[in-house]
Every structure is written in structure tokens, then in C-alpha cells.
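Every number here is computed from the coordinates shown, using simple stated rules; none is lab data. Since this is a predicted model, take the numbers as computed values, not measurements. Don't worry about glycine lacking a Cβ; one is built from the backbone with ideal geometry, like all the others, and counts go over all protein chains shown.
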Amino acid sequence: MHMESTLGGGTFTPAHSSADGRENNDRRNTGTDLSDAHQMQARFASIIAENKELRAELESLRAERTRMAETLSRLAEVLGSKSTDRLVHDVRNVLNERELYRALADSVE
């Protein structure tokens, strides 16, 4: 007995054999193999198109990541930060100092 896979699934269906031992596939007699081939080609085309879209999105995200890394480096440099990992901490310190200066300036007036 021959096991034939169905399009789009993991289920296998047996192909029936004739009395003389030759496999008899009813779908071949109805011309649906051509339809299956077209469906397979359409599925491949869909997968290829999706792959291209994902690759374009990946490239866009990589470019954005590079821009963000450059921005973080510039901010770290401006703030005198030793590491971009400490950038949030250093920005909080700068903001706290600003509030202290404002409070000092308001108390002098």
C-alpha cells in the first residue's frame, strides 16, 4: 500500500491498489493533480512573498536599532556617562539636579 500526503496537512491517506498490484489513484483520473500542483505553487509563492516582507522588516528593524544605538551613545557622551547601560540612572540624576537648582533659585527670589 502506498501512503500519500494530503496538501497542507500532516495526515496521510492510503492510495488504493488495483487487483494486479498497480496503484490506482482516483485523483489522477479526475485531473486534480494539476489543481494540486497549482495550489502548491500558489502556496510556495505566498511563502516566498511573506519571506520577502519579513526580510524587509528585519532590515528596517536593524537600521532602527543602529540609529537607536547611535543616539544612546551620543546621549551617554553628552551626559558624561561611562556606559549606555547606566544612561537612565544618569538622566534621573540630571533631572534631580535640575529640580534642586530650581528650588534653590526659587528660594533666592
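Between residue 85 and residue 68, the modelled labels are 1.8 nm apart [label points 7 Å from Cα along Cα→Cβ].
Evaluating 6.51 cos²θ - 1.76 cosθ + 1.60 at θ = phi - 60° for every residue in region 49-59, the Karplus couplings come out as 5, 5, 4, 5, 4, 5, 5, 5, 5, 4, 4 Hz, glycine and proline recorded as x. Label reach from residue 59 (point 7 Å along Cα→C-beta): in region 37-53, amide nitrogens under 19 Å belong to 47-53. Near residue 84, once Lys and Arg are set to +1 and Asp and Glu to -1 for all other residues with Cβ below 12 Å from its Cβ, the sum equals -1. Tally Lys and Arg at +1 and Asp and Glu at -1 over the other residues with C-beta under 14 Å from the C-beta of residue 65: what net charge comes out? Surrounding charge for residue 65 is -2. Between residue 75 and residue 107, the FRET efficiency estimated from the beta carbon spacing at R0 = 35 angstrom works out to 0.70. Taking trypsin sites (Lys or Arg not before Pro) across region 53-95, the ones in a DSSP loop with at most 12 further Cβ atoms lying within 10 angstrom of their Cβ are 82.
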